[in-house]
Amino acid sequence: MIVFKKVVARFDEKRLEWMNGSFIRQLTLDELYDRLTKFWPPEAEKYDDNYKQKVLAIVQERLKYFAELPDLTKFFFADLPVNPELISGNKQLKKVETSDLKLWLEQARDVLQASSFEVEDLQNSLNHLLETSGQKPGVLFSLIRIATTQAPASPGLAETLAVLGKETSLRRIDQQLANF
């Protein structure tokens, strides 16, 4: 005789998010773009399809469900207010003196000013900045990421900067510098 145990079925939300994210990553960029028309943040309305597809191309890997698109992309479409808590709450940046953070951000601004803002050139420029400053990527890249996106996390830094563009990236760094 076979004995069956009574087991209550469990809903695994993390597994569902993973499966949904996997499905999203399998879509072509055009298919995903067509499905997301109602999910863009309101600020995205004034941007053309080409720009939104560039944004989508770099966030697709992080997207687990459509409704999180506004949170993942808002900084691409609007200058968010400088949030000092992003630096003071960062486990690596909170240990650094403000004067050092300001100096490193000024150095980053100078390096980025000379860049063509192509992904490869940005990556080379950022790596050169790491060598000359002697900083770890987690410290320096977090500082630049926070200054340009006002977000604790984003897609790859060079890719993000390339999509944002030179003018926007430098303006946002200047805004962060003014708040030190």
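For the reader, a short list of remarks on this structure follows.
- Close pairs (6 angstrom Cβ cut-off, 6 or more residues apart or separate chains): assigned by TED's automatic domain parsing to the domain that holds residue 173 and touching a residue at least 12 places away in the same chain (Cβ under 8 Å) in the range 102-129, assigned to a helix (DSSP H, G or I) and among the β-branched types (Val, Ile, Thr) anywhere: 108/144; 109/173; 125/111; 129/111
- Of the residues making up the range 140-170, those that are surrounded by fewer than 14 Cβ atoms within 10 Å (Cβ to Cβ) and in contact with an Asp or Glu (Cβ under 9 Å, 6 or more places away or on another chain) number 0.
- None of 60, 26 is surrounded by 16 or more Cβ atoms within 10 Å (Cβ to Cβ) and of a type outside the set (Lys, Arg) except 60.
- Among residues of the range 125-139, those that are assigned to a helix (DSSP H, G or I) and surrounded by 14 or more Cβ atoms within 10 Å (Cβ to Cβ), counted: 6
The values are calculated or read from the model by the stated rules, or taken from the named source; none is laboratory data. Small disclaimer: the values here were computed from a predicted structure and weren't measured. Counting neighbours? That spans all protein chains shown, and the Cβs are built from the backbone with ideal geometry, glycine included.
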